[in-house]
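S.K.: Got a structure for you, questions after.
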Amino acid sequence: MWTLLVYTAIGFALVKFRVVGPGADRGLSRIVFFVTMPALLMRTVGSADLADVFSRGLIANILTALILLAVYYGLGGRFGLSGPERTIGAMAGAYTNAGNVGIAYLLAAVGEATASAGVIMFQVLVLVPFVFFMLDRQTDSAGAGPWVRARHALMQPPLLSVFAGLAINLSGWDMPRALTVPIDALADATVPVMMIAMGVSLASAQLRRGRDALPLAASVGFRVLLSPIVTFALAMALGLEGKQLLATMVVAVFPTANNLFAIAHRYEVGVGLVRDAVVISALASMPMLVVVAAIFYG
């Protein structure tokens, strides 16, 4: 977590010391969206143990994400948000950093990170295609009917990499080192470059006040407060207990996924909202993790 804050601080400092201009985050985000994120997603899906990702805990986490999406999208009109802004805001409340930060949280609180695998698969196979399709439709970026928009959404580099990773996983193909080394290098660059881009964006950000702060407050509140409450209720209904319940609750307090920042930049919608949600939810999720762990171990 602190490493992520260091990357963000570096991006912030680059602007303040005039090493890069205030708009440099756009170029960095496009590099992530078109190059490093696809490498990361292909590696993640390609190496996942598909047999171990399904559990009752995953069901609770998936249902929570869907509930948060629906509720935020329904409330978005009251915040004065446009359709694309409602989609991005809803995703900021439901799409989590189940990779690096999530794995670290699970290892710290539970001792193993199996629960993150199912969440990652759900997000890259369901949530990411959903947000691409919705934003394509709402921004009319494909400029055509629903079938063309769907095809356009499915042809986005991150999704193509998911399909490639799934094919590699199911086929059992052992990629040669000549491919895995550059893919791993690009994948490992995703988080540093993305967080530096967020720091660059943060350097020119203005504090949100009054009604402008409501969508952000809702996204962060959904992510770090409402998510564990809904998840706990669902976990009780599903009869979860012990270590499985703890893992499910830790997943519920994961912060907003930083990858969403690249998606917001790609469609030029809700960039500031997502940036702030990622940073604030990351800071707020740490004490929430401590609370969850204290309840189980206290």
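Read the figures in this text as sums done on the coordinates, not as results from a lab. Bear in mind that the values here come from a model prediction, so they are computed numbers and not experimental data. Cβ placement follows ideal geometry from the backbone for every residue including glycine, while neighbour counts extend to all protein chains displayed.
S.K.: Quick one, could you list the DSSP H helices from the chain stretching 30 Å or more along their long axis (Cα atoms) with average Kyte-Doolittle hydropathy of 1.6 or above?
M.R.: Counting only whole DSSP H runs, the qualifying helices are 271-297.
S.K.: What does the charge dipole of the chain about its Cα centre add up to, to the nearest 20 debye, if the Cβ of each Lys and Arg holds +1 and the Cβ of each Asp and Glu holds -1?
M.R.: 720 debye
S.K.: Given contacts defined as C-alpha pairs under 8 Å and at least six residues apart, what's the relative contact order of the chain, whole-number percent?
M.R.: Result for the chain is 36 percent.
S.K.: Given the -39500 (n - 2.57) contribution per DSSP H run of 4+ residues, what per-residue ellipticity at 222 nm results for the chain, rounded to the nearest 500 deg cm²/dmol?
M.R.: Counting only the DSSP helices, I get -23000 deg cm²/dmol.
S.K.: Now for a separate question. Figure the gain on full extension for PHE17 and ARG177 (residue separation times 0.36 nm, minus the Cα-Cα span) and round it to one decimal in nm.
M.R.: Additional length available on full extension: 53.6 nm.
S.K.: If the label point is 7 Å along Cα→Cβ of ASP212, which residues in the stretch 249-283 have backbone nitrogen under 17 Å from it?
M.R.: Residues 269-277 qualify, since their backbone N sits under 17 Å from the label point.
S.K.: Another question, then. I'd like the distance separating the alpha-carbon centroids of the stretch 250-267 and the stretch 18-88, in whole Å.
M.R.: Each part reduced to its Cα centre gives a spacing of 4 Å.
S.K.: Of the chain, which part is the longest with no trypsin sites (Lys or Arg not before Pro) in a loop (DSSP not H, G, I, E, B) and with at most 12 other C-beta atoms within 10 angstrom?
M.R.: 19-208
S.K.: Measure off 7 Å from each Cα along the Cα-to-Cβ vector at ALA185 and ALA164, then give the distance between these two points in nanometres to one decimal.
M.R.: So the two model labels end up 1.6 nm from each other.
S.K.: Give, in nm to one decimal, the length gained when the segment between ARG151 and MET236 is fully stretched (0.36 nm per residue of separation minus the Cα-Cα distance).
M.R.: Stretched out fully, the ARG151 to MET236 stretch lengthens by 26.6 nm.
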